[in-house]
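These notes concern the structure reproduced below.
Bear in mind these aren't lab numbers, they're just calculated from the coordinates by the rules spelled out. Remember, predicted model here, so these are calculated numbers, not experimental data. Methodologically, a virtual Cβ is constructed for each residue, glycine included, from the backbone with ideal geometry; neighbour enumeration extends over all protein chains shown.
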């Protein structure tokens, strides 16, 4: 990279912090990159027992090269925050790359940024992508032009390495990977529905299914607002 590169992470209550901290850790080592972590009003954000503070005011950020939206169960509430969503649309309009991790892609969808485009999402939430005109893709990292999306949570690390290679080159991306000793060797092969033992999948899917009843209502409300905006345009 020959010019400074700005990367913005918009945070919100109820995000999954690894969706943000995983990519942030890797991209923070990208030469020439400036990372900004922001929230509406610059207010502290709580996520999975951690509090992120000293944040920039999201609505005051003029622009960025890369917009990276994390996911989490709070994404449905973020979709209903007009200030947050206005900032997502504004920053995405001027960004070189619009990106997300996990259910962050649903936020992009609610912002009208996924119409007719392939996108990844957490496996338990992927079914909601078509509500925003997106094409669900089960890939761990999915690219559709300048749109790059990661799957569920830990996919954010693979996503970040992919983005690093895109913004710099493969050598730098691999050097960052080696420096952070990212050589995954999990003790169990249960990290995906296709490989998890049947009883484990059933247990997790039943919990997700129960939660999805509430989530679907919230996502459908956001989808209705998205559709209304299209009709009004």
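So between residue 51 and residue 80, what do we pick up on full extension, going 0.36 nm a residue minus the alpha carbon distance?
8.3 nm
What does the helix-only formula give at 222 nm for the chain: each DSSP H stretch with n ≥ 4 adding -39500 (n - 2.57), the total divided by the residues, and the result rounded to the nearest 500 deg cm²/dmol?
Calculated from helices alone, the mean residue ellipticity at 222 nm is -12500 deg cm²/dmol.
Please report the base-10 log of the normalised intensity I(q)/I(0) for the range 5-232, using a Debye sum with one equal scatterer per alpha carbon and no solvent, at each q in 0.09 (1/Å).
Rounded to two decimals, the profile gives -0.34.
Could you work out the relative contact order of the chain, using alpha carbon pairs under 8 angstrom and six or more residues apart, expressed as a whole percent?
18
Over the Cα atoms of the range 109-171, what radius of gyration and what Dmax do you get, in Å?
11.9, 39
Can you pull the Rg over Rh of the range 54-160, Cα-only, Kirkwood?
Answer for the range 54-160: 0.94.
Over the alpha-carbon set of the range 72-133, divide Rg by the Kirkwood Rh and report the Rg/Rh ratio to two decimals.
Reported Rg/Rh (Cα atoms, Kirkwood Rh): 0.93.
With springs only between Cα atoms under 10 Å, which of 140, 118, 96 fluctuates most in a Gaussian network model of the chain?
96
Which percent, to the nearest 5, of DSSP beta bridges fully inside the range 5-232 are antiparallel?
Roughly 25 percent of the DSSP beta bridges within the range 5-232 come out antiparallel.
Would you mind giving the three semi-axes, in whole Å and largest first, of the ellipsoid equivalent to the range 90-217 according to its Cα gyration tensor?
25, 23, 10
Can you give me the distance in nm between label points at residue 225 and residue 43, each placed 7 Å from the Cα along the Cα-to-Cβ direction?
Roughly 1.5 nm, to one decimal.
Between 201, 12, 97, which gets the highest mean-square fluctuation from a Gaussian network model of the chain, Cα cutoff 10 Å?
Residue with maximal mean-square fluctuation among 201, 12, 97: 201.
Return the single residue from 40, 214, 66 with maximal mean-square fluctuation; model: Gaussian network over the chain, springs between Cα atoms under 10 Å.
The residue that fluctuates most here is 214.
With each label point set 7 Å from Cα along the Cα-Cβ vector, what nm distance links residue 216 and residue 171?
Modelled inter-label distance: 5.2 nm.
Estimate the FRET efficiency between residue 60 and residue 28 by the formula 1/(1 + (r/R0)^6), using the beta-carbon distance for r and 30 Å for R0, to the nearest 0.05.
0.85
What is the spin-label model distance, in nm, from residue 144 to residue 207 if the labels are put 7 Å beyond Cα along the C-beta direction?
Each label point lies 7 Å from its Cα, and together they span 3.0 nm.
Using all alpha carbons of the range 1-75, what is the percent of pairwise distances in each 10 Å bin, ordered from the shortest bin to the longest?
20, 53, 24, 3
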